[in-house]
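So the structure is just underneath, and the comments pick up after that.
The values are calculated or read from the model by the stated rules, or taken from the named source; none is laboratory data. All values derive from a computational prediction rather than experimental measurement. Note that each Cβ is placed from the backbone with ideal geometry, even for glycine, and that neighbours are counted across all protein chains shown. The area values use the complete protein model at the heavy-atom level, side chains included, leaving out ligands, DNA and RNA. Shrake-Rupley method; radii C 1.70, N 1.55, O 1.52, S 1.80 Å.
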Amino acid sequence: MTSANLDRDYLWHPFTQMQDWNDSKHTPIVIVEGRGAVLLAEDGRKYLDGNSSIWTNLHGHRRPEIDQAIRDQLDRIAHSSFLGLTNDVAPRLARELVEITGLRGAKVFLSDDGSTAMEAALKMVHQARIQRGETKRKVFVSLASGYHGDTVGAMSAGHSPLFHAAYKPLLFETREVMSPACYRCPHNRAEPVRGTDARKSRQCDWECIGELTTALDELGETASAFVLESRVQGAAGMTMHPHGYLEKAANACRERGIWLVLDEVMTGFGRTGAMFAFQHEKLTPEIIALAKGLSGGYLPVAATLASREIFDAFLGDHGELKTFFHGHSYTGNALGCAAALASLKIFETENTLGKNVLLKEALAKYAAKFWDHPHVGDVRQEGLICAIEIVRDFQTRQSFPFAERIGHRICEAARKHGLLTRPVGDVLILMPPYCVTENQIAQMVDALRLGLHEVLPV
Ligand SMILES: Cc1ncc(COP(=O)(O)O)c(C=O)c1O
């Protein structure tokens, strides 16, 4: 029995229409090995990992330092409970995370993935408000098209009609405010300019901040926290915020006693050029959620960093029931923490952030080639995240009908040219691991452009 047939017989894949998947004409690619930015399939074909294995991998596959750290840890122990016990790796990781985020006095709550990091964040905020006597502060404010994961709380803070519609009756109410995504912002009066990121040519009066402050003022004492992805909203289609938005939003929250919860699950660990996206601006969040790249993309490890103020709200005598009654069996997993520590060490030994500046420039140089296609509406980039938005009409920014699956078809076509990446709708994404070479970036761009020209010939 081949792996592909076994898969079809027994598995159910995330975000996948299994009727298409199980269609006998569709043979899944079976990944069996990886090295650096290259993935090897069972049939011997090689592919460039164009989205860092769904935005997780940092330094490449089979990084010797991370492999070794996991082996060394495995020689001692893989996992032991974090309930009533600790281990000798998680505390070191927690100290590193507090240091590199600059969140002095923060405490680190470990879990497994992005959704659990966000779920913990929301529950912490809710409970802390009650235990501080701020019982009216119950409302979370969050961005349109925001995505924070698939657990019920994370979905409630998210606003993705496509992903969340079926679960609406299960979700708690949150206040949605407009996303500061300049390309499709109704307040952006600028005409589209070919060759320019829409954020640079935008003409507006920061109506996004106006709408946020109006919402916060309307909510008054009932607003608890503003929840958002820092600078780049991944599942919204890699929409990117104008520089300065986050700082302005943070100030608006601070002035009103509203906490800031930053989802850096995708943007964390150097993706946008700074170690964390919020560090491009001047602000201090109360909570940061981390996952994906935390372990270098090796193992499911996540962290929710909470300010001292929030942590202190949980302290009290046992009988006061102020405990954070929340946790997961694999919290503090030693293998994952060892991988994370090894990944963080590479940032220091290799000056990863410094090196990424050059890669970012190379990505920008090659990605500029997309502009020669008339159906490219926007090419936007933050660090090593590049998004190419395909539109039916450049001038009106009108999209293709959803059912045409243009983005999906382009990425399928790019596979034939040796590139694996996954679009969000009609937004194509290039997000290479940090070990990528300039030559590999050029190959990724070429493969995606070939796919684009095959699906939408000029
Ligand atoms: C910004 C953001 N938050 C949270 C999540 C959820 O993370 P996970 O898939 O690890 O649960 C994602 C996943 O893509 C994400 O992009």
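Out of every Cα-Cα pair that segment 342-458 contains, those further apart than 16 angstrom amount to 60 percent.
Amide H contacts of D393 (H built 1.01 Å from N, in plane; Pro and chain starts excluded): Q398 sit under 5 Å, all sequence-distant by 5 or more or on other chains.
For the chain, relative contact order (Cα pairs under 8 Å, six or more residues apart, normalised by length) works out to 21 percent.
Calculate, for R76 and H13, the FRET efficiency according to 1/(1 + (r/R0)^6) with r their C-beta to C-beta distance and R0 30 Å; round to the nearest 0.05. Numbers along the way, then the final one.
Details: r = 34 Å, r/R0 = 1.14.
Taking R0 as 30 Å, the efficiency between R76 and H13 is 0.30.
Per residue, how much accessible surface does the chain expose to a 1.4 Å probe? Answer in Å², no decimals. Computed with neighbouring chains in place, this is 45 Å² per residue. The distance linking segment 386-458 with segment 267-300 is 25 Å (Cα centroid to Cα centroid, whole angstrom).
Cα centroid distance between segment 143-166 and segment 36-76, in Å? What the calculation gives is 30 Å, centre to centre. Among the chymotrypsin sites (Phe, Trp or Tyr not before Pro) in segment 6-66, those located in a DSSP loop and surrounded by at most 13 other Cβ atoms within 10 Å of their own Cβ are W12, F15. Hydrophobic, long helices, defined as DSSP H runs whose alpha-carbon span along the helix axis is 20 Å or greater and whose mean Kyte-Doolittle value is at least 0.5, occur in the chain at 334-349. When the alpha carbon coordinates of segment 1-95 are projected onto the principal axes, the ranges are 50, 30, 25 Å, largest first. Using +1 at the Cβ of each Lys and Arg and -1 at the Cβ of each Asp and Glu in segment 324-458, identify which of A334, F402, I441 lies farthest towards the dipole's positive end. It is A334, whose Cα lies furthest towards the positive end. What the phi angles of segment 159-165 give under the Karplus curve with 6.51, -1.76 and 1.60, with θ = phi - 60°, is a coupling list of 9, 10, x, 5, 7, 9, 3 Hz, glycine and proline written as x.
Placing +1 on the Cβ of every Lys and Arg and -1 on the Cβ of every Asp and Glu, with nothing else charged, gives the chain a dipole about its Cα centre of roughly 460 debye.
Pairs from the table (K123/K345; K136/K292; K25/K168; K107/K248) lying more than 29 angstrom apart at Cα are K123/K345; K136/K292; K25/K168.
These residues, R405, R271, go from largest to smallest accessible area, 1.4 Å probe, as R405, R271.
In order along segment 17-29, the phi-based Karplus estimate (6.51 cos²θ - 1.76 cosθ + 1.60, θ = phi - 60°) of 3J(HN,Hα) comes to 6, 5, 5, 5, 4, 7, 4, 5, 6, 9, 9, x, 6 Hz; Gly and Pro are listed as x.
Under 5 Å from the amide H of T239 lie the amide H atoms of Q233, each residue being 5 or more positions distant or on a separate chain, with H modelled from the backbone and absent for Pro and chain starts. With both residues required to sit in the chain, DSSP beta bridges show an antiparallel share near 65%.
Applying the Kirkwood pairwise sum to the alpha-carbon positions of the chain produces a hydrodynamic radius of 23.0 angstrom.
Among the GluC sites (Glu not before Pro) within segment 130-205, those in coil by DSSP and having at most 13 neighbouring Cβ atoms inside 10 Å are E173. Between the amide H of G273 and those of L384, distances stay under 5 Å, these residues lying 5 or more places away or on another chain, with hydrogens modeled in the peptide plane. The alpha carbon radius of gyration of segment 195-304, expressed as a multiple of 2.2 N^0.38 Å, is 1.13. When the charge dipole of segment 201-319 is built from unit charges on Cβ atoms (+1 for Lys and Arg, -1 for Asp and Glu) and taken about the Cα centre, the candidate among G220, G297, A235 whose Cα reaches farthest toward its positive end is G297.
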